[in-house]
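The numbers here are math on the coordinates, done by the rules we state, and not lab data. The structure displayed is predicted, hence computed values, not measured ones. Methodologically, a virtual Cβ is constructed for each residue, glycine included, from the backbone with ideal geometry; neighbour enumeration extends over all protein chains shown.
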Amino acid sequence: MPFFKNTYFEIWEPYTSNDKDPYTNEKITKYELRETIPADFQPLTSAYMQKEFGKILQDAYKVYIDVTLTVTPNTILREQGKTDTYIIRGTPILNNHVIPHIKLIIEKQRVPTKLWT
């Protein structure tokens, strides 16, 4: 299945900074921009959500990206030029037929993660 790149996503990776939380004295996790990639961004259908998860999810989407990208469960995605952030739900799926690509199920966070540039 070919995918059509209709938007760009920023890939943010977590790292532990030397800054400390003033209340807990623990090191703060910050995020750094790793790269910006083209992606095919689509909403999930109700039928797909019911089949895969057994319930209807709010603000869930599927994203198709190039196979050269490596993402981790802690990766944060943000559509370029927007403020909403997304987390990856489940394991990325490698589809290697016709045009190889990675399929991600992502979910919009209710409170966007604060990202540092």
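General observations
- Some residue of the stretch 33-40 being outside any strand (DSSP E or B) and loosely packed, with under 14 Cβ neighbours inside 10 Å: no
- Residues satisfying the stated conditions in the stretch 64-117, i.e. out of contact with any strand residue (DSSP E or B) (no Cβ under 6 Å at 6 or more places or on another chain) and basic (Lys, Arg): 82, 110, 114
- Some residue of the stretch 48-64 being within 20 Å of residue 94 (Cα to Cα) and of a type in the set (Val, Ile, Thr): yes
- Residues in the stretch 1-32 that are under 16 Å from the mean Cα position of the chain (by Cα) and not in a strand (DSSP E or B) were compared, and the one that is surrounded by the most Cβ atoms within 10 Å (Cβ to Cβ) is 5.
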